[in-house]
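Right, one structure below, let's go through it.
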């Protein structure tokens, strides 16, 4: 483990940014958001969550797939995908980092999504353990925890220092590049980090949603929950926007569209939302014609369909963004509780 | 306020029991007391109806669907929601006979984001004290705010109550408008140079994630199928194919609701990126006021907005808008 003074975090980011594009959380007019780091920027490491998760660096909201250029009778097909260069995501919370495991199972399983794979291989993640979880946090319900070790470099803040522990070869290489700024850790440092981890775990244990249990969702509960009468009341206030989907670190559905540039066609993919009325629109019609069905789909996917197909792993990391952002105050916790999950 | 809530609850229970209405649209408790959700109540669960300084959602838009169903539905309307309700009646989106209107008092709503901006984390509950302060209970201790410091922006410019015939009035007296100038922020933007204004809006709108929350919550956006959701329209856009598109979406939407927007402020309340979308609408409100005389959409049901009622005295658009801005547009 290495360390540096927390006040030198900006200098560290400057140094990291000299060899790769760095994205770090900064304060904006709307909470904190990842920004491309530029010298002179101020890093914000004390917000629980950014508004959008770092998912977008691996699975952008909108991404070019291919272009078609026409000249006379010839059509040229141009592969204009992202070329790929190394980048660093700095200060991602454990819940957000663990959400990538969920996306990996979708995009990196055969057939591999080469667009996602390229960004995954170029990305280096500096995870930052939480120090003050919010009331909307429930990562422990999914076995994560506010100081869960994950990413390429695991970071902790304690006693005015920023501690960094490389977890992967990529992480070791990234720290190597800035090694002259870092100092080695001694026993007292190890203890400071252990104490910080114990402290945040203790806070999390007392968080209002810490006891959320998903026992009711164990096994294949498709039939049990699909026809539940609860969906009516749960979905009634839903206004059918895509907020929950777009702030969610694990939502992965996309649409492929084409755009007439005036001198050719650009084919791109963009995030889609199962809350949208045309999400399942096909040539033969639309099997989900009501908001109840769309709402049910979103939560069944996260709590039932995904785990049934992925060794019981739920497609939620408990980041709490849907609790904070839904215009009608609906969220996955309400659904879990209404369908039989308990909070003890 | 608690007495009033009990009275409202009793009235709703009575309406459900005697079959006057089949459901009541009100608010239901959430996880943390500040996140009360719109709810549809029946006789079985009307006891869990709640109402306080955190019940910000405007319930009037739910009526577009609910009033199409069999039977009558009761709705709780705060003073600002009465404007939206009137406007929906004007646009024939709601059959008045199908709705039982309960007008309820409001002393301003709390903006949880302002409390978070003040550095407060882990908010487990909050309450309005008798002296009008807001006490916030958190995982890290309690904190008390003056309500004005944490009020929703729209409440500083409260329009009071519209002219409405309620079926049951739970307000002691008609709410008067706030003594403030809601167009002051628009004037501030107008005073900028075109370039500064462009930069301001590009900065704000660049955060847009196209979640459509502003559109879907808007009581003036009641098209069965939005042009932006229609594959056949040629402008359907789920994502921003270029950086100007999110601006176009919001500007076109503001044009579409011009003269119909009551300034309820829901668009800005729900925006996950906290874009001050209501300022686009207020610009239109100001221009309409300046060019056609003062007009408040939804003040009473059945009135024609100046942009839909042509008169020979109407201002010439090119003179009224273009020249006034020194030809800058």
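Please treat every number below as a calculation from the coordinates, not as lab data. Bear in mind that the values here come from a model prediction, so they are computed numbers and not experimental data. Neighbour counts are summed over all protein chains in view; Cβ atoms, including those assigned to glycine, are modelled from backbone coordinates with ideal geometry.
Hey, how many Å between the Cα centroid of the range A:295-344 and the Cα centroid of the range A:141-212?
About 27 Å separates the Cα centre of the range A:295-344 from the one of the range A:141-212.
Using the Cα gyration tensor of the range B:95-242, with a ≥ b ≥ c the square roots of its eigenvalues, what is the shape: rounded (a/c below 1.5), prolate (a/b larger than b/c) or oblate (neither)?
oblate
Using mean Cβ contacts within 10 Å as the protection proxy, how do A:31-41, A:128-138 order, highest first?
Per-residue Cβ counts within 10 Å, averaged per peptide and sorted highest first, yield A:128-138, A:31-41.
Restricting things to alpha carbons, find the Rg to Rh ratio for the range B:144-199 using the Kirkwood radius for Rh.
With Rh from the inverse mean 1/r over Cα pairs, Rg/Rh is 1.16.
Any chance you could check the Cα centroid distance between the range B:89-116 and the range A:215-287 for me, in angstrom?
A separation of 29 Å, based on Cα centres.
How large is log10 I(q)/I(0) at q = 0.05 Å⁻¹ when the Debye formula is applied to the Cα atoms of the protein assembly as shown, each weighted equally and without solvent?
Those come out to -0.25, one per q.
Name the shape class, rounded, prolate or oblate, that the alpha-carbon gyration tensor gives for the range A:95-225, where a ≥ b ≥ c are the square roots of its eigenvalues, rounded holds for a/c under 1.5, and otherwise prolate holds if a/b is larger than b/c and oblate otherwise.
In terms of gyration-tensor shape, oblate.
What fraction, in whole percent, of alpha-carbon pairs in the range B:15-121 exceed 15 Å separation?
65 percent
Of the listed peptides B:247-254, A:146-153, what is their order by residue-averaged count of other C-beta atoms within 10 Å, with the highest listed first?
A:146-153, B:247-254
Express in % the proportion of alpha carbon pairs of chain B at distances exceeding 33 Å.
Looking at chain B, the distances longer than 33 Å represent 30 percent of pairs.
Let me confirm one metric for peptide A:320-329, namely the mean number of other chain beta-carbon atoms within 10 Å of its residues' beta-carbons.
6
What's the Cα-based Rg to Rh of chain A, Rh via Kirkwood?
0.99
Mind telling me which of B:198, B:51, B:157 comes out most flexible in a GNM of chain B, alpha-carbon contacts under 10 Å?
With Cα springs under 10 Å in chain B, the top fluctuation among B:198, B:51, B:157 is at B:198.
For the range A:219-304, what percent of Cα pairs sit more than 16 Å apart?
So the portion of pairs separated by more than 16 Å is 61 percent.
So how much slack lies between residue B:311 and residue B:96, counting 0.36 nm per residue of separation and subtracting their Cα-Cα distance, in nm?
Once the chain is fully extended between residue B:311 and residue B:96, it gains 74.5 nm.
How big, on average over all directions, is the shadow cast by the Cα convex hull of the range B:170-306, in nm²?
Taking a quarter of the hull surface, the average projection is 10.5 nm².
Return one quarter of the surface area of the convex hull spanned by the alpha-carbon atoms of the range A:161-268, equal to its mean projected area, in nm².
15.4 nm²
Other chains' Cβ within 10 Å of A:133-139 residues: what's the mean?
Neighbouring Cβ atoms belonging to other protein chains average 4 per residue here.
Between the range A:1-60 and the range A:67-124, how many Å separate their Cα centres?
Taking the Cα centre of the range A:67-124 as reference, the centre of the range A:1-60 is 21 Å away.
Over the whole of A:83-91, what's the average partner chain Cβ count within 10 Å per residue? Rounded to a whole number, please.
Taking the mean over all residues of the peptide, I get 0.
Between the helical axis of B:194-205 and the dominant principal axis of chain B, each derived from Cα atoms, what acute angle in degrees is found, rounded to the nearest 10?
The two axes meet at around 40 degrees.
Please report the antiparallel percentage of the DSSP beta bridges confined to the protein assembly as shown, to the nearest 5.
Counting DSSP beta bridges with both partners in the protein assembly as shown, the antiparallel share is about 70 percent.
Please state, as a whole number in µm²/s, the translational diffusion coefficient that the Stokes-Einstein equation yields for the range A:201-344 at 4 °C and 1.567 mPa s, with Rh defined as the Kirkwood radius across alpha carbon pairs.
Value of D from the Cα-based Kirkwood radius: 78 µm²/s.
Taking only Cα atoms of the range B:76-118, what ratio of Rg to Rh do you get with Rh as the Kirkwood inverse-distance radius?
Radius of gyration relative to Kirkwood radius: 1.18.
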